[in-house]
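Trainee: Next up is a structure, given as structure tokens.
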Amino acid sequence: MRPRLLLPRGDLARPCSPAIHSTTTRFFTQSASLRVGIRTRPQLGFLNVPVTTQQYRYLTTERKARLKYDIKQGIKITSYLWIAGACCFAIAFALVEETLEARYPTPHEWSMLSRIFFRGAFCERDQTDPSRTTDWVHVTNWIKSVVDRLEDPSIDGKGLRDAPSDRPKGTKDISTMSENWRRGYYEAMMLYAKAAENVEKWVTDKTQNLTVPNDYVIGPSNPNPRPFPNENYRPPQEDDCVPTFESPNEIYMRILSTEGLTNRQRMEAGLAYATWLEFKQITGPANIILENAVDLAATEQASLIGGQSPLDPKTYTLIDTAGLHPSSNLLQSLTALATFRARNGDVSSALPMLVSILQARKTLPTSDPRRIPPLPQKKQTWAGAALALLTEPPYPDAPEDGTLPPLRDAKERCEEAALSLHIGEIMYTAKSTNNTNPSETSAQHHSHREEGLGWTREAVDIAEEQLRGLSNKQSAMAARLTCRDCLAAGLENWTMMVSRLAREEKARKEELERNPDLHKPKRTSWWSFWGQGEHKQEDLNRWAAEEKVIAERQRRAADLLEELPTGNRGFLSFLQA
């Protein structure tokens, strides 16, 4: 019996599915878009379901509060940083000004800006950075501002009066001001004159408001102007330019005519003015000003001791009077006059003046009961140091007025060595006035050279001896600088003198080698019996040997000449090499 199939009839009558019986391979990786593209339904606009994107609130209440908080915190932190930076700047500025105040003291009665300008001008003048030079234009502007403020009655010049009408324009009478104010005013005026010397040739173009040296000005007085470096301005024309700063002559005349200055201040101003006139090759007025300075010092000393001045008014030489020593002012002004005359060829009057000054300095006393010795400085404690930071340092006492003779200490001995150097230079370069006999003239000239070398050697020995005996304390710094300058100048002069003699010696030796007959003595008189006219071998090698001696002295003194200034460099000194 055949088995029956348990299937519905519909399934039997339905044809087989083509997917089951088809031989076509079906790929599951076939793109759905291709499958849809084969049989697609019609796309009708009204049948499409609209798609909407979700909307967000970017500035919610929480975010708004967060932004306000962040902005407030940013402003607060920025303000704190600016305040901290301002405080650091103020502290640094205060420390710098405190350091400059200790180096360049200013009267306490001046206003703050005047004191800041005063210290800034002196600091720029004493520029220590080797990569840049002193900007004298800035120095002049700063110190001119100080002088203007001091002479202004509404600022720092209360009680200041004008000098009589017969004085130069702008001269003041400072006799009613305090001593510290007068000293500060004198220092400001002297720096003003010194700065004016360095900016004398600066002019201002009125059309462009431009300040330049007159080397760039185009005009008849400058036929070969330098190329103008700034392309943004046109080269200034001479007709459009005026002098920028006051003339040094006018400033010095104002200083010398100022009422209320001491005689020493007038003398120092006169010496500076004479140096400027000599630089400008105006020797006549310079000699008159120096003579006036000497007469002022001599008259002052004579009036103080109530007797005769130790100065010969005709020859300007010091008189050897028992128990009467010349004052510091007289020695300083007389030395300046003697060296001025020596530089300008008046050796006949300069040499006796220098010799008399040297003799007077060698007889100076080593102590003077009229001098008040300085009080010993007490050792400062930590509490005193902290208190000193909070209080203003006192203005230094007035220096000596120069009416007493100086004491013969190490500094004065180096001054004696400097005088010996001047005398040695004059003797070495002096020429004989006897031209009748050439041989005697040559011998006398050689004798002068020998004597000049002797003065120079003595000066070098004294300077080196005093310099080695001085300590490194701050109190001996002025003496060390004086002795160091004297030693350097002495070694240089000694080297130049001996080098010239060694060249002449070498030329004479070569001449003798070419002409051996010159070795034979000329027996023209009975003096030839003792060897006169012979050239000894030791005479031909004398200056070459002395050159070796000088080289050894220079090597020995190198540590003294190249010694760096020692001192307290602050609490950061351990970070410096």
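The values are calculated or read from the model by the stated rules, or taken from the named source; none is laboratory data. Since we're looking at a predicted model, the values are computed, not measured. Note that we place each Cβ from the backbone using ideal geometry, even for glycine, and neighbour counts take in every protein chain shown. All accessible areas refer to the heavy atoms of the entire protein, side chains included, with ligands and DNA or RNA removed. Shrake-Rupley method; radii C 1.70, N 1.55, O 1.52, S 1.80 Å.
Trainee: Which one of the conditions (1) part of a loop (DSSP other than H, G, I, E, B); (2) open to solvent by 30 Å² or more (accessible area, probe 1.4 Å) does Lys194 fail to meet, given that it meets all the rest?
Mentor: Just one mismatch for Lys194, condition (1).
Trainee: Another question, if that's okay. Run Ile155 past the list (1) hydrophobic (A, V, I, L, M, F, W, C); (2) within 14 Å of Leu261 (Cβ to Cβ); (3) in a loop (DSSP other than H, G, I, E, B) and report the number of the one that doesn't hold.
Mentor: If we test Ile155 against (1) hydrophobic (A, V, I, L, M, F, W, C); (2) within 14 Å of Leu261 (Cβ to Cβ); (3) in a loop (DSSP other than H, G, I, E, B), just (2) comes out false.
Trainee: Filter region 354-374 for residues that are under 33 Å from the mean Cα position of the chain (by Cα) and closer than 15 Å to Glu415 by Cα and give the result.
Mentor: Result: Leu354, Ile357, Leu358, Arg361.
Trainee: Could you list, in sequence order, the residues of region 271-285 that are out of contact with any Ser or Thr (no Cβ under 8 Å at 6 or more places or on another chain) and assigned to a helix (DSSP H, G or I)?
Mentor: Ala272, Tyr273, Ala274, Thr275, Trp276, Glu278, Phe279, Thr283, Gly284, Pro285
Trainee: Within region 453-494, can you find the residues that are touching a Phe, Trp or Tyr at 6+ places or on another chain (Cβ under 9 Å) and in contact (Cβ under 8 Å) with a residue 60 or more places away in the chain?
Mentor: Across region 453-494, the qualifying residues are Val460, Asn493.
Trainee: Just name the residue that is farthest from Met253 (Cα to Cα) out of those in region 158-181 that are assigned to a strand (DSSP E or B) and out of contact with any helix residue (DSSP H, G or I) (no Cβ under 9 Å at 6 or more places or on another chain).
Mentor: Arg161
Trainee: Sticking with this structure for a sec: Give the residues of region 315-356 that are touching a residue at least 40 places away in the same chain (Cβ under 8 Å), in a helix (DSSP H, G or I), open to solvent by less than 10 Å² (accessible area, probe 1.4 Å) and under 19 Å from Ile305 (Cβ atoms), sorted by residue number.
Mentor: Selection gives Asn329, Leu331, Ser333, Leu334.
Trainee: Please go through region 301-314 and pick out each residue that is in a loop (DSSP other than H, G, I, E, B) and either modelled with pLDDT of 85 or more or open to solvent by less than 60 Å² (accessible area, probe 1.4 Å) (or both). Break it down into steps so the answer makes sense when it comes.
Mentor: First, the residues of region 301-314 that are in a loop (DSSP other than H, G, I, E, B): 306-310, 312-314.
Within region 301-314, Gly307, Ser309, Pro310, Asp312, Pro313, Lys314 meet the criteria.
Trainee: I'd like the residue in region 74-105 that is polar (S, T, N, Q) and modelled with pLDDT of 95 or more and, out of all such residues, is nearest to Thr391 (Cα to Cα).
Mentor: My answer is Ser79.
Trainee: A follow-up question, please. Taking region 94-123 as the region of interest, how many residues are among the charged types (D, E, K, R) and touching a Ser or Thr at 6+ places or on another chain (Cβ under 6 Å)?
Mentor: Qualifying residue count for the region: 1.
Trainee: To continue, here is another question. Please find, within region 232-247, the residue that is surrounded by the most Cβ atoms within 10 Å (Cβ to Cβ) out of those that are over 29 Å from the mean Cα position of the chain (by Cα) and more than 15 Å from Asn222 (Cα to Cα).
Mentor: For region 232-247, the residue satisfying everything is Tyr233.
Trainee: I've got another one for you. Could you tell me whether region 413-425 includes any residue that is touching a Ser or Thr at 6+ places or on another chain (Cβ under 9 Å), within 22 Å of Arg371 (Cα to Cα), open to solvent by 30 Å² or more (accessible area, probe 1.4 Å) and modelled with pLDDT of 85 or more?
Mentor: Checked against the condition, which is being touching a Ser or Thr at 6+ places or on another chain (Cβ under 9 Å), within 22 Å of Arg371 (Cα to Cα), open to solvent by 30 Å² or more (accessible area, probe 1.4 Å) and modelled with pLDDT of 85 or more, region 413-425 yields at least one hit.
Trainee: Considering only residues that are of a type outside the set (D, E, K, R) and touching a Pro at 6+ places or on another chain (Cβ under 7 Å), look in region 91-140 and name the one that is most open to solvent (accessible area, probe 1.4 Å).
Mentor: Ranking the candidates gives Ala102 first.
Trainee: Take Thr204 and tell me if it is free of Cβ contacts under 8 Å to residues at least 60 places away in the same chain, closer than 26 Å to Ile143 by Cα, of a type in the set (Ser, Thr, Tyr) and touching a Cys at 6+ places or on another chain (Cβ under 7 Å).
Mentor: Spelling it out, Thr204 is indeed free of Cβ contacts under 8 Å to residues at least 60 places away in the same chain, closer than 26 Å to Ile143 by Cα, of a type in the set (Ser, Thr, Tyr) and touching a Cys at 6+ places or on another chain (Cβ under 7 Å).
Trainee: Here are the criteria: (1) in contact with a helix residue (DSSP H, G or I) (Cβ under 6 Å, 6 or more places away or on another chain); (2) within 20 Å of Arg125 (Cα to Cα); (3) surrounded by 20 or more Cβ atoms within 10 Å (Cβ to Cβ). Tell me which single one Gly184 does not satisfy.
Mentor: (1)
Trainee: Then there's this: Can you tell me which of Tyr69, Tyr56 is of a type in the set (Ser, Thr, Tyr), more than 28 Å from the chain's Cα centre (by Cα) and at pLDDT 85 or above?
Mentor: Working: Tyr56 fails: at pLDDT 85 or above.
Residue meeting the stated conditions: Tyr69.
Trainee: Looking at Gly159, is it surrounded by fewer than 20 Cβ atoms within 10 Å (Cβ to Cβ) and either touching a His at 6+ places or on another chain (Cβ under 7 Å) or without any contact (Cβ under 8 Å) to a residue 40 or more places away in the chain (or both)?
Mentor: Working: surrounded by fewer than 20 Cβ atoms within 10 Å (Cβ to Cβ): yes; either touching a His at 6+ places or on another chain (Cβ under 7 Å) or without any contact (Cβ under 8 Å) to a residue 40 or more places away in the chain (or both): yes.
Considered against the rule, which asks whether it is surrounded by fewer than 20 Cβ atoms within 10 Å (Cβ to Cβ) and either touching a His at 6+ places or on another chain (Cβ under 7 Å) or without any contact (Cβ under 8 Å) to a residue 40 or more places away in the chain (or both), Gly159 comes out as yes.
Trainee: Restricting attention to region 431-476, report how many residues are open to solvent by less than 50 Å² (accessible area, probe 1.4 Å), modelled with pLDDT of 80 or more and among the hydroxyl-bearing types (Ser, Thr, Tyr).
Mentor: Looking only at that region, the number is 1.
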